[in-house]
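Only one structure is covered here, and it is reproduced in the block below.
The values are calculated or read from the model by the stated rules, or taken from the named source; none is laboratory data. Note that this is a predicted model, so its numbers are computed, not measured. Cβ sites come from the backbone with ideal geometry, for glycine too, and all protein chains shown count toward neighbours.
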Amino acid sequence: MTPKKPRSEKSIVDIAKALGISPATVSRALNNSSRISEATRRRVKEMAKEMGYRHNSMASSLRNRRSNIIGLIVPRISMYFHVFFITALQRRLQIAGYNLMICQSNDSVSVERELANSLYSARVDALVVSLTLYTEDVSHFDGFLAQGIPLVFYDRVPTMPTPAFIVKGDDYRGGMLAGNHLLVAGCRRIAYVSGPLSCSIYQERTRGFVDALATRSVSLPEHWVCHHELTAENARRSLRLLFGGNEKPDGLFAANDTTAIAAVEFAREHGIRVPEELKIIGYSNDPRTSIITPSITSIEQFPSEMADKVADTLISALKHSPDAPGTIAGRPVICPVDLVRRTTT
């Protein structure tokens, strides 16, 4: 069977010829200009549909120097926090007249670099980024800054000063809340499972947690601390090490809820009573933490509120209002966190 030859793209010139009017009139009719009568607008749109005309948004963006597209790079779309963040951010931006182009780095620095270059070439009006676990050099975003394209880092942000906009959670306070809560609950042999310290959120959570324990002169033994990607598989490997010695932890702070859930399952399998013998705190308040038995105490990050802060920052920056609240480049906007107590503590 001979492949069907694709039809050639139709332009406003083709529509104009078919209707015997000027291309300028066609353009105005397609853009619902009040200068064109309702009857002409209807005729033009019917002909455009009949001919299979497609609006060339790329050409329009080149003419107008605006694409009305915001780029977004997230580490993993499947993560609870980013699912809620994306939904809230997209809603706000659509109301403001922008579309969101979502990309996933899969926690790969090289993929993140390629995506930054692709979105720059696609002429997005602004870029929002949550960095990979291992991004320390953010120079692949320099082109946006050089061209005055608004750049917002959120959640996982650069660990070095940057002229970009920063919106992040109060991870230091989150670590403090976790540490203080375990101490008040009577824990003194406390273990900690964290993500890599190359990542800003784990640096801050660790610092807050260690400072909280220090207020009661409780040390964090090196052999009870693990830093790695916080997957369920890695968590189980770490838990076997943490509970493999003669002395067992009586408290555990897991720097994400996937690890906390793995800890509850591990305790059940090994006959460790929660919370009587082991108290567990997670981070993010993933919905799964409220339905597992026992339900898990966690740190709430309020992703929708962070999305609102990012949207406010973007919209102000795109309107060239550098003095608007929350839009001062290089000065972080800090979003609150809170402890949600459940039955694991």
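Results for (1) in contact with a Leu (Cβ under 6 Å, 6 or more places away or on another chain); (2) of a type in the set (Gly, Ala, Ser), shown as yes or no for each residue.
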residue: LYS248; (1), (2): no, no
residue: ALA255; (1), (2): no, yes
residue: ALA260; (1), (2): no, yes
residue: GLY282; (1), (2): no, yes
residue: ILE296; (1), (2): no, no
residue: PHE302; (1), (2): no, no
residue: THR313; (1), (2): no, no
residue: SER316; (1), (2): no, yes
residue: LEU339; (1), (2): yes, no
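Please work out which residue is modelled with the highest pLDDT, limiting yourself to the range 323-339 and to residues that are crowded, with 17+ Cβ neighbours inside 10 Å and among the β-branched types (Val, Ile, Thr). Applying the filter and picking the extreme gives VAL337. All of PHE141, PHE165, PHE153 fail the test of being of a type in the set (Phe, Trp, Tyr), buried (at least 20 other Cβ atoms within 10 Å of the Cβ) and farther than 19 Å from SER316 by Cα, apart from PHE141. The single condition among (1) surrounded by 16 or more Cβ atoms within 10 Å (Cβ to Cβ); (2) under 18 Å from the mean Cα position of the chain (by Cα) that GLU229 does not satisfy is (1).
May I ask you to verify whether ARG65 is modelled with pLDDT under 85, among the basic types (Lys, Arg), at positive phi and within 39 Å of the chain's Cα centre (by Cα)?
Numbers: modelled with pLDDT under 85: yes; among the basic types (Lys, Arg): yes; at positive phi: yes; within 39 Å of the chain's Cα centre (by Cα): yes.
Criteria met by ARG65.
Take ALA126 and tell me if it is in contact (Cβ under 8 Å) with a residue 40 or more places away in the chain, of a type outside the set (Val, Ile, Thr) and assigned by TED's automatic domain parsing to the domain that holds ALA255. Here the answer is no, as ALA126 does not meet what is asked.
Any chance the range 246-262 includes a residue that's exposed (fewer than 14 other Cβ atoms within 10 Å of the Cβ) and in the same structural domain as GLY186 (by TED's automatic domain parsing)? Outline the logic, then answer.
To start, the set of residues in the range 246-262 that are exposed (fewer than 14 other Cβ atoms within 10 Å of the Cβ) comprises 246-247.
Add one more test, that the residue is in the same structural domain as GLY186 (by TED's automatic domain parsing), and what stays is 246-247.
Among the residues of the range 246-262, at least one is exposed (fewer than 14 other Cβ atoms within 10 Å of the Cβ) and in the same structural domain as GLY186 (by TED's automatic domain parsing), which makes the answer yes.
Taking the listed residues ALA307, ALA235, ALA311, ALA263, the one that is assigned to a helix (DSSP H, G or I), closer than 18 Å to THR345 by Cα and out of contact with any Pro (no Cβ under 7 Å at 6 or more places or on another chain) is ALA263, with no other qualifying.
Pull up the range 11-30, narrow it to residues that are within 42 Å of the chain's Cα centre (by Cα) and assigned to a helix (DSSP H, G or I), then point me to the one that is surrounded by the fewest Cβ atoms within 10 Å (Cβ to Cβ). If you could, list the steps in order and put the result at the bottom.
Initially, the range 11-30 is screened for residues within 42 Å of the chain's Cα centre (by Cα), giving 11-12, 26-30.
From what's left, assigned to a helix (DSSP H, G or I): 12, 26-30.
Numbers: ILE12: 20, VAL26: 28, SER27: 15, ARG28: 17, ALA29: 25, LEU30: 17.
So, considering only residues that are within 42 Å of the chain's Cα centre (by Cα) and assigned to a helix (DSSP H, G or I), the one surrounded by the fewest Cβ atoms within 10 Å (Cβ to Cβ) is SER27.
The residues of the range 276-304 that are in contact with a strand residue (DSSP E or B) (Cβ under 9 Å, 6 or more places away or on another chain), over 16 Å from ILE201 (Cβ atoms) and not basic (Lys, Arg), listed by number, are LEU278, ILE280, THR289, SER290, PRO294, ILE296, THR297. If we scan the range 205-214, do we find a residue that is under 28 Å from HIS82 (Cα atoms), under 19 Å from the mean Cα position of the chain (by Cα), of a type in the set (Ser, Thr, Tyr) and assigned to a helix (DSSP H, G or I)? No - not one qualifying residue is present in the range 205-214. Restricting the range 93-116 to residues that are touching a Pro at 6+ places or on another chain (Cβ under 8 Å) and crowded, with 17+ Cβ neighbours inside 10 Å, the residue that is nearest to LEU133 (Cα to Cα) is ASP107.
For every residue, the table says whether it meets (1) crowded, with 24+ Cβ neighbours inside 10 Å; (2) at pLDDT below 95; (3) among the charged types (D, E, K, R).
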position: ILE280; (1), (2), (3): yes, no, no
position: ASN285; (1), (2), (3): yes, no, no
position: ILE292; (1), (2), (3): no, no, no
position: GLU300; (1), (2), (3): no, no, yes
position: ALA307; (1), (2), (3): yes, no, no
position: LEU318; (1), (2), (3): no, yes, no
position: SER321; (1), (2), (3): no, yes, no
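Close contacts from the range 31-42, counting a first residue that is surrounded by 10 or more Cβ atoms within 10 Å (Cβ to Cβ) and a second that is not basic (Lys, Arg), with Cβ to Cβ under 6 Å and a gap of 6+ residues or different chains, come to ILE36/ALA29; THR40/ALA29; ARG41/ALA29.
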